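Down below is the structure, laid out as C-alpha cells.
The values are calculated or read from the model by the stated rules, or taken from the named source; none is laboratory data. Just so you know, these numbers come straight off a predicted model, no measurement behind them. Don't worry about glycine lacking a Cβ; one is built from the backbone with ideal geometry, like all the others, and counts go over all protein chains shown.
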Amino acid sequence: MLLDEVTTGLDEDNKAIVHQLIERVHQQGVTIIQVTHDQDEITAAQNIIRIKKVASSNEKCHGK
C-alpha cells in the first residue's frame, strides 16, 4: 500500500485514527510505503529510506 502524506492537514485525533488503521493493515501482512515529512511518522517506521535529491526534468538520470 502506498500512502503519500496521508495525515497532512489532520488534527491529532484523526491522525491517531489513521495510524491505527495503518497498523491494522500492516498486521495483516501488507507492506506499507509511506511518504511523509512528519518526523513522528518517520520515527515510527520499521525501515526508513531518505531521498535527498530528486532529479529535475532537465537533469539526466541513470547516466543517460
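Can you run down the residue pairs with Cβ atoms below 9 Å, 6 or more apart or on separate chains, where the first is in segment 3-15 and in a loop (DSSP other than H, G, I, E, B) and the partner is at pLDDT 95 or above and not hydrophobic (A, V, I, L, M, F, W, C)?
Once the first residue is in a loop (DSSP other than H, G, I, E, B) and sits in segment 3-15, its partners that are at pLDDT 95 or above and not hydrophobic (A, V, I, L, M, F, W, C) give Thr7/Asn14.
Can you tell me how many residues in segment 42-54 are β-branched (Val, Ile, Thr) and in a loop (DSSP other than H, G, I, E, B)?
4
So, in segment 24-41, exactly how many residues are of a type outside the set (S, T, N, Q), assigned to a helix (DSSP H, G or I) and at pLDDT 85 or above?
Going through segment 24-41 one residue at a time, the tally reaches 3.
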